[in-house]
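In what follows, a single structure is set out as C-alpha cells and then discussed.
The values are calculated or read from the model by the stated rules, or taken from the named source; none is laboratory data. Remember, predicted model here, so these are calculated numbers, not experimental data. Positions of Cβ are generated from backbone atoms using ideal geometry, with glycine treated the same way; all protein chains shown enter the neighbour counts.
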Amino acid sequence: MPCRQGRAAVVVVGLALCVLPRSVTGSYGTCACYKDNANGTSVDCGCYNVDLSGESACAASCLNCVCLKDEPDATGIRRIQPCECNSYRYELDCFPASATLQLKNGTRIRMEELRVGHSIQAGPGGKHDDVHVFTHRQESTVAMFTAIHHSHPQSPLLMTAGHYLYVNGALKTARQVKVGDTLTTAAGTVTTVTKVDPAVQARGLYNPHTLTNDLVVNGIVVSALTDAVMPSLAHAFLWPARVLYNMGFDVVGSAFNDGAFHSLAPYIPGGEQDYSAGVGTTQ
C-alpha cells in the first residue's frame, strides 16, 4: 500500500505503516504442536510459539519439537518422559463473518457488515466504543474456529484458539476455556461454559479493534488482542492509530471499508499479507 502525502501525520507520530518493509515472506499466526496417538486421541505437546514464517515452518518446528509428559513407565512408576510431536495446527486469530455485534443505536449486525467508524457495544452497562482499525478483514477465507457453548441464550461464540476473552474474570485464550468456566455477558452477568468444540469451520477472518480493545461478540465480552502478538506490543503499535483516529485522521479506515485493504497485521514486525490457516501432520 503506497504511502501518501495526506498520511504524513502517520509518519510524524511514528506509525510504521509506511516505513516497515513489505517483503517479509510467509504467513502470520500461532503454531501449536500435538501428539496423535494410535487410538485417535490427540495430546497437546505444549510447544506453542509465535510463528512468523508460515505454515510450512510450523510443520517443521513441530516435527522437531520434544515435549514432556507425566505418565507411568513400564514399571508403573510415574515419570516425566519425552514425547515427540507429530501433528500441528497453524492458527490465525480472528472472528468469523457470521459473528454478531450491536451498534450504539441498538441495531445488531454481522461481523462482515462492520466498518471502521462504527460505534459498537464494548462492555456491560451500555459501554460503547468506536472501531478504529482492523488487523484482519478477509471476507472469503475459510478457517477453523473454537466454538464456545454456554448457558446464555445467544448462539455459541466462535473465535480462533489464540483469541483472548474474559474467563472467570480474567483474560484467557479460547484454547484455555473449559466446561464449567464462566464468561462475562453484555449485561454484566456471567454465563457458564457447557461445551467447547475446538474445530468448527467457518468463513471469514475479522479482527476489529476498538479504542479500548474490548468488544462484545455474540453477547459475550471479548478482547481484540490475541496470543499471536504479545498484547503489550500490539497495544503499543496501535497507539498512534488511536491518537490519529481521535484527532479525526483517516489512517486506513476508508481502505478497509471499501475493500482495498484487508489486513494491518502484516505491518506489525514479522507479519505478511498472505495468510493460510490449516491443520496438518508433519509426517
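Can you list the strands (runs of 3 or more DSSP E) lying wholly within segment 159-253 that have 1 or more residues being aliphatic (A, V, I, L, M) and either in contact with a His (Cβ under 8 Å, 6 or more places away or on another chain) or surrounded by fewer than 17 Cβ atoms within 10 Å (Cβ to Cβ) (or both)?
Values: elements: 163-167, 170-173, 182-184, 190-210, 214-217, 220-226.
By residue number, 170-173, 182-184, 190-210, 220-226.
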- Identify, by number, the condition in (1) part of a strand (DSSP E or B); (2) within 14 Å of the chain's Cα centre (by Cα) that VAL142 doesn't meet. (2)
- Starting from segment 99-115, keep only residues that are among the charged types (D, E, K, R) and at pLDDT below 95, then list their pairs with residues that are surrounded by fewer than 18 Cβ atoms within 10 Å (Cβ to Cβ) and in a helix (DSSP H, G or I) whose Cβ atoms are within a distance under 9 Å, requiring at least 6 positions of separation or different chains. ARG115/ASN257
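Considering segment 189-204 alone, what residues qualify as being hydroxyl-bearing (Ser, Thr, Tyr) and in contact with a strand residue (DSSP E or B) (Cβ under 9 Å, 6 or more places away or on another chain)?
The initial filter retains those residues of segment 189-204 that are hydroxyl-bearing (Ser, Thr, Tyr), namely 189, 191-192, 194.
Across segment 189-204, the qualifying residues are THR191, THR192, THR194.
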